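Below is one structure, written out as C-alpha cells, with a few remarks after it.
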Amino acid sequence: MLDIPTLETPRLRLRPYRLDDFENYAVMWQDPRVVRFIGGIPFTREQSWTRFLRQIGLWHHLGFGFFALEHKQTGAFAGECGFHDLRRALSPSIEGTMETGWGLTAPMQGQGLAEEAVRAAIGWAAEHGKGERLTAIIDPDHGASLRVADKLGFAEFARSEYGGHPVVLLERRRR
C-alpha cells in the first residue's frame, strides 16, 4: 500500500483522509457557498461518498491524489486540495496531467488557506509528481480561485466548456 504523505504549513495539516472525515466532507459539499462555482448544485450524501472514496483511491492507482485539510489551531476539517486525473471529456484535453484542485469549507474561505495549502501540495508534486505540467480548470466567474491560481504560477492556456458550464484551463510547470 502507498504511504500517503502528511504535509505541514503554518496553519494547516495536509493529510490522508480518515473515515471519520466523511461527515464533515459531506456537509462541505452540501453547502451552496462551496459548490457555487463547482457545478452549482449541492452534492447528495451519496455523491459526496463517491467523491470521498475517489479522492482516497487516486493515491493507490496514480501515486498522487487529494489531501484532507485540517486546521492546526482548531483541529477542524477545513477542506481538500491535491491532484487528480479524471479523464474529463474536455477539449483541449488535460488527460494525463496532474489536475490541481482545491475546495474549502465556507468558514475557512477568504483567509488565504487555499493558496497556503495548494502551495504545499505543489511543492510535494515538484519532487514526487508525474509529467511536465500541472493543470487546473476554474469557472471564469470564480475570481478568488483565479487569483489563487495566478499567485501559484498558473496561466490560462484555453477556454472551454465542461458539464455545460464555461471553464478556464490553466497550466504551470510541475517543477
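Below is a table of values for the structure above.
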quantity	calculated
So Arg172, is it among the basic types (Lys, Arg) and more than 25 Å from Tyr25 (Cβ to Cβ)	yes
Strands (runs of 3 or more DSSP E) contained in region 1-116 and holding at least 2 residues open to solvent by 80 Å² or more (accessible area, probe 1.4 Å)	none
Some residue of region 122-132 being at pLDDT 95 or above and in a strand (DSSP E or B)	no
Test for Trp124: is it of a type outside the set (D, E, K, R) and closer than 19 Å to Ile38 by Cβ	no
Cross-chain or 6+ apart pairs with Cβ under 7 Å, region 71-95 first and touching a residue at least 60 places away in the same chain (Cβ under 8 Å), then outside any loop (DSSP other than H, G, I, E, B) and basic (Lys, Arg)	Lys72/Arg13
Among the residues listed as Glu156, Glu171, Glu161, the single one being farther than 18 Å from Met98 by Cβ, assigned to a strand (DSSP E or B) and out of contact with any Pro (no Cβ under 8 Å at 6 or more places or on another chain)	Glu161
Residue list for region 124-175, restricted to those being among the small types (Gly, Ala, Ser), touching a residue at least 12 places away in the same chain (Cβ under 8 Å), under 20 Å from Arg87 (Cβ atoms) and open to solvent by 50 Å² or more (accessible area, probe 1.4 Å)	Gly163
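The values are calculated or read from the model by the stated rules, or taken from the named source; none is laboratory data. No experiment lies behind these values; they were computed from the predicted model shown. A quick note on method: Cβ atoms are made from the backbone with ideal geometry, for glycine too, and the neighbour counts reach across all protein chains shown. To get the accessible areas, we keep the full protein, side chains included, count just its heavy atoms, and leave off ligands, DNA and RNA. Shrake-Rupley method; radii C 1.70, N 1.55, O 1.52, S 1.80 Å.
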